[in-house]
Amino acid sequence: MTSAVLLPALLALLRPVFCAASDSPCTTVQEVESRGALRWGADAEGGAPYVFPDPRDPRQYIGFEVDLARAMAGKLGVRAEMVQNSWDGLVSALDRGSFDVVLNGLEITPEHLGQIAMSRPYYAYTQQIVTRKGDGSMTRLEDLAGKRVGVLSASAAHRLLEKMGGVDVRVYPGNVETCKDLKNRRIDASVMDTPIALHYAKPDPGLQFSGKPFAVGYYGVGVRKKDTKLLEAVDRAILDLLASGELRKIYLKWGLWDAEQGDRLRHYTVVQTPTEGKVSTLKEWRVFLPMLLKGAVVTVEISCLSMLLAVGLGLGLALSRLFGVTPVRWLSTAYVEVMRGTPLLIQLYMIYYGLPNLGIRLTSFEAAVLGLGLNYAAYEAENYRAGIQAIPEGQMEAALSLGMTRWQALRRVVLPQAVRIVIPPISNDFIALFKDSSLVSVITMVELTKVYGMLATTTYDYMGLGLMTAAIYFGLSYPASLAAKFIERKLRYDFD
Amino acid sequence: MISIENLSKSFRHHEVLDGISLKQDKAEVIVLIGPSGCGKTTLLRCLNALETFDEGRITIGDIAITAHHGHLSRADREKQLILRSRVGMVFQGFNLFPHMTAIENIIEAPVTVKELSQAMAVKRGLDLLAKVGLEDKADFYPSQLSGGQQQRVAIARALAMEPEVMLFDEPTSALDPELKEDVLRVMRELANEGMTMLVVTHEMSFARDMADRMVFMEKGRILEEGPADVMFRTPKHERTREFLKTILPKKSFRSGNGKPPHPKQPTFDELLNGGGAPAAD
């Protein structure tokens, strides 16, 4: 008797475990029900008005998609549970099973349909050109030719402008940065999805909407292809919410409702033919390799220039730390400790987006070189300091006793010996910087890793592109380390 | 040539030099001896301005540097640089520049400090290398030379600045016995040519043969000074006698393994008797 009671209970407990294994007979719908929560993937970073931390209580996420997810989950009879994931990686993370659905401004496009299944649309968006207040010169897409135009990375506008060509497209990681740079005159205009434009640009007194919205597109809920049951449930939920007026209420609350919205959602019939899901970029390397190499050129330029700056400034810092008068010594010590003790990413943000507030407006290239250079100078200073201190005191004394000044002794006797000692750690740092340079994509530099990211999120061939990209990185850094070894041998003077 | 007046220096509370006064004539050779820590190296380093001093005055040629309460005037600090270029220093550890060949070591200061032309400096440098018996080692790096050869290059390097005074800080004590003699020979030649030399050494044969005067230092003071043979024979202080005993080879050592000690190194008894090994040259 006891077993008759216990067995179903045990099975109920075990069910989620069985379901976790793929191709198991039970569906994601059952899994969601047994869990009591619909896990939806989204990126809350710079995610307003879709999903973002509540400014009044940052532990809480708000946004029209938060309301939507809650309403949709309610229709399924469960809670909604948000899973944070970077926007670029949402589709791949869905495939990996990090969450049940993607609900985060995912456009219904042939590319997405090739990879995952998508629900009927829950919002019809358009594109809006945004310019500085009083600039009416760009009201149509064609007006943007030859102009510097900011877009959100991997957005519909990004694809649109890339396809159009002839536009100097600047890719941004977030919308706040785009608006900031537009006002700072680093770009001439921006093209945004209407929800973004309504939330970020509309309230900004320095910006204006230029021309009419165009290029209607649809956001849908992303679901794994095998989860047909879940897709049906989601579609039903969206129709229900639309019919009951709940959807309208949510959009009105966020100022996103427009006259055509209801009709567009109701009469959505366009079935987009999915393109072939996986592209083998390795087979089509002739197309992809040149694009990656273009990014590699930027990577090399930035790395070499910033290392030059780091090596020069680092030497100055080391010398002033070792031989400077007390305040100078104190200052250079403070510089080294602060630059080493704070993240490069924050330094880059401050240099590129923060300095304009002080009237210093650098291009993204300048900011990238400066940021990396200033950061690595701190590390090079420490390398030099160790190298100089490794030279016996007797060398300096012998030089001084010959009547050389301290500076002459340093330049002619101590530094040439120290250089040989510091070549291995400095070349090590150069290779590290070379890879760290991928961080500058946050200030709109499109370098090798960024190109990889952009291509991978459209082709989904993370592996093939990754192999090519890694090969390029290695092909550049390995000769660099060979060159360092060669120079080190060349400077050898301790013969046995 | 050199005049040291009432020189004092202390590290923290330790009095390293305690009122040293010494005069040295041109072409005079003075050998400075004393137990380790007696201040002889510090005295040499003060003369070459590698070390500052607290009180007193140092005069070399027409340059005088005076210290009061550990402070030098700005003008005196600038004089230190000139002083160094007129005073040559030979270190116990050679301190050759390892990244330069022998000839590059020698021409470095003449070219950067005196702004001599490269060609002129090399010509003089090769002459100096010949003088120390190393004309065939010009393009060797220090790591390719023996200790004795390195020290001879170091002497040539100091001479290249044409100093008025040469200071030697235990120039042979880091060398194997068989390598010392080459260095001592160069020093003897230099003394014979009339170089003013102040030498800290334990090589008593050199002291006996070449020193015009010997100075014994202890605890930062000059305990006694005088001609070498007089000090060997009749040291005024018991401390001097004890010290000389410790640094001179004993007779028993000589018969110990049947092999005589280095031929140029006389025993204490030989020195006291004025006999022993013949003087070189």
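Structure summary
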item	result
Filtered trypsin sites (Lys or Arg not before Pro), the stretch A:39-144: DSSP coil and at most 16 other beta carbons within 10 Å	A:Arg56, A:Lys133, A:Arg140
Taking the C-alpha atoms of the stretch B:153-250, convex hull volume expressed per residue in Å³	116 Å³
Rule-of-thumb Rg ratio for the stretch A:323-448 [Cα; 2.2 N^0.38 Å; N residues]	1.31
Chain lengthening between A:Arg340 and A:Asp95 when straightened (0.36 nm per residue, less Cα-Cα)	84.4 nm
Acute angle (nearest 10 degrees) that the helix A:415-436 long axis makes with the longest principal axis of chain A, alpha-carbon atoms	10 degrees
Spherically averaged projected area in nm², based on the convex hull that wraps the Cα atoms of the stretch B:6-136	10.2 nm²
Cα-based convex hull volume of the stretch B:73-128 per residue, rounded to whole Å³	109 Å³
Chain A: angle of helix A:2-20 to the longest principal axis, Cα-based, in degrees nearest 10	50 degrees
Burial ordering of A:Asp193, A:Asp88, fewest other beta-carbon atoms within 10 Å first	A:Asp88, A:Asp193
Expected-Rg normalisation [2.2 N^0.38 Å, Cα atoms] applied to the protein assembly as shown	1.50
Share, in percent, of DSSP beta bridges within chain B that are antiparallel, nearest 5	60 percent
Least to most buried among B:Thr246, A:Thr299, B:Thr42, A:Thr139 (fewest other Cβ within 10 Å first)	B:Thr246, A:Thr139, B:Thr42, A:Thr299
For A:Met404, net neighbour charge (Lys/Arg +1, Asp/Glu -1) across residues whose Cβ lies under 10 Å away	+3
Environment charge at B:Glu162 (Cβ cut-off 10 Å; Lys +1, Arg +1, Asp -1, Glu -1)	+2
Partner chain coverage, peptide B:95-102 - average Cβ within 10 angstrom	6
Rounded to the nearest 20 debye, dipole of chain B from Cβ charges on Lys, Arg, Asp, Glu	480 debye
If the convex hull is drawn through the Cα atoms of the stretch A:124-217, its volume per residue in Å³	81 Å³
Angle in degrees between helix A:462-490 and the longest Cα principal axis of chain A, rounded to the nearest 10	0 degrees
Average Cα contact separation per residue, the stretch A:157-312, under 8 Å, 6 or more apart, as relative contact order %	11 percent
Relative contact order of chain B, defined on C-alpha pairs under 8 angstrom at six or more residues apart (%)	22 percent
Globularity index of the stretch B:81-176, i.e. its alpha-carbon radius of gyration over 2.2 N^0.38 Å	0.99
The stretch A:229-335: C-alpha gyration tensor shape, a/c 1.5 cut-off, then a/b vs b/c	oblate
Packing rank of A:479-487, A:460-468, where each peptide gets the mean count of other beta carbons within 10 Å, highest leading	A:460-468, A:479-487
The stretch B:2-273: C-alpha pair distances exceeding 22 Å, %	59 percent
Number of partner chain Cβ atoms within 10 Å, mean per residue of A:407-414	3
Number of partner chain Cβ atoms within 10 Å, mean per residue of B:109-118	3
Given 10 as the ceiling on other Cβ atoms within 10 Å, longest exposed-site-free region of chain B for GluC sites (Glu not before Pro) in DSSP loops	B:1-114
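Every read-out reported here was derived from the displayed coordinates using simple, explicitly stated rules and does not represent laboratory data. Treat the numbers as computed from the prediction; the structure is a model and nothing was measured. Backbone-built Cβ (ideal geometry, glycine too); neighbour counts: all protein chains shown.
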